Amino acid sequence: MLAASARPRRRLACLLASAAVVLSALVSGLSLATPASAAAPGVDISAGGPAAAPFVADTDFTGGATASVTNAITTTGLTNPAPQSVYQHNRYGNFTYAIPGLTAGASYTVRLHFAEEYWTTAGSRTFNVLINGTQVLTSFDIFATAGGEFKAVIEQFTATASSSGTVTIQFATVKDNAQVNGIEVFPTSGTGNTVTVTGPGNQTGTVGTAASLQVHASDSTSGQTLTYSATGLPAGLSISSSSGLISGTPTTAATSTVTVTATDTTGASGSATFTWTAGAPTATAACACRTPTSMPRCCCASGTRARL
């Protein structure tokens, strides 16, 4: 017969053994969820053109031909337009872009950039656009949608990456040739960062006079490092990639369309477009000053003489 002091210990041991059995059963039925990984970043493509940060040189296409212009493209009213170079180049004809390396089943935003650079009337160029086999634009007319020639327009859609991690964009001619200038594919809002560049407004300056402009940008995620770039700056000016400060001395009188872009470490980017006019310095007319004997020195100003 067990001593009285041993009975509580035996009862406790039984309770612990029973608890262990229950816990083992509970744990065996648990399914521990792991956090879903973020969707793979997409890509920005300069269709038919060279790289213009953050857009890479033309890639991932099949079919079509390329063309380019030097005309300035108006981007007024657009949110995060592409750099000027993107709108000045295009791929045309019947062609397809297959964007690889995406996360299968993930949702992506597709932004298509257009600018009519050949026709001068509506109805001259129309075409269809299909994304993953679904028609998203029917008889699309760049000129009519943008409101004229050399005016940019952006069309935005949502697409799901295929089982192979691809988004396929097809351009099919209805009249003349289908055309696109730039393509952006990035994880749908909520899975990626948002970079916002504050538009500095139109700028003016003078050839031979130093200029300075600080570009300001923000990121939806704290702690991100932004890298700055710019296209279309007047000759003599440059931008600091680390600080966003534009500085230098204009060397040529001209009006330029400038696009500044800020890109974070995830590849998310934002941009702003404005004009910068560098005017010629004001000419100073030579003035001959006739000094009478009673005036040791004189100054000519607007045809008058004055004792100094």
Task: Complete set of residues in segment 82-117 that are assigned to a strand (DSSP E or B), surrounded by 20 or more Cβ atoms within 10 Å (Cβ to Cβ) and touching a Pro at 6+ places or on another chain (Cβ under 9 Å) - done: HIS89, TYR108, HIS113
Task: Which numbered condition ASN128 misses (of (1) part of a strand (DSSP E or B); (2) in contact with a Phe, Trp or Tyr (Cβ under 6 Å, 6 or more places away or on another chain)) - done: (2)
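State yes or no: is SER222 of a type in the set (Gly, Ala, Ser) and in contact (Cβ under 8 Å) with a residue 24 or more places away in the chain?
no
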Task: Single residue of segment 195-205 satisfying the filter (surrounded by 15 or more Cβ atoms within 10 Å (Cβ to Cβ) and touching a Ser or Thr at 6+ places or on another chain (Cβ under 6 Å)) that is farthest from TYR108 (Cα to Cα) - done: VAL197
- [ ] Take THR158 and decide whether it is assigned by TED's automatic domain parsing to the domain that holds PRO81, outside any loop (DSSP other than H, G, I, E, B) and either touching a Phe, Trp or Tyr at 6+ places or on another chain (Cβ under 6 Å) or under 20 Å from ASN94 (Cβ atoms) (or both).
- [x] no
- [ ] Kindly indicate the residue of segment 132-160 that is in contact (Cβ under 8 Å) with a residue 60 or more places away in the chain and touching a Leu at 6+ places or on another chain (Cβ under 7 Å) and also surrounded by the most Cβ atoms within 10 Å (Cβ to Cβ) among those meeting that condition.
- [x] ALA152
Task: In segment 161-189, the residues that are assigned to a loop (DSSP other than H, G, I, E, B) and over 14 Å from HIS113 (Cα atoms) - done: ALA161, SER162, SER163, SER164, GLY165, THR166, ASP176, ASN177, THR188, SER189
Open item on the list: Contact list please: Cβ distance under 6 Å, first residue in segment 120-131 and not assigned by TED's automatic domain parsing to the domain that holds ILE154, second residue among the aliphatic types (A, V, I, L, M), pairs at least six apart or on different chains.
Closed with: none
- [ ] Among the numbered conditions (1) assigned to a strand (DSSP E or B); (2) surrounded by fewer than 20 Cβ atoms within 10 Å (Cβ to Cβ), tell me where GLY208 comes up short.
- [x] (1)
Task: Which listed residue is in a loop (DSSP other than H, G, I, E, B) and out of contact with any His (no Cβ under 7 Å at 6 or more places or on another chain), from THR145, THR79 - done: THR79
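Okay, residues lined up against (1) surrounded by fewer than 19 Cβ atoms within 10 Å (Cβ to Cβ); (2) in a strand (DSSP E or B):
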position	(1), (2)
SER212	yes, yes
SER222	yes, no
SER243	yes, no
VAL260	no, yes
SER271	no, yes
TRP276	no, yes
THR282	yes, no
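The values are calculated or read from the model by the stated rules, or taken from the named source; none is laboratory data. Every value quoted in this text rests on a predicted model; they were computed, and no experiment measured them. Methodologically, a virtual Cβ is constructed for each residue, glycine included, from the backbone with ideal geometry; neighbour enumeration extends over all protein chains shown.
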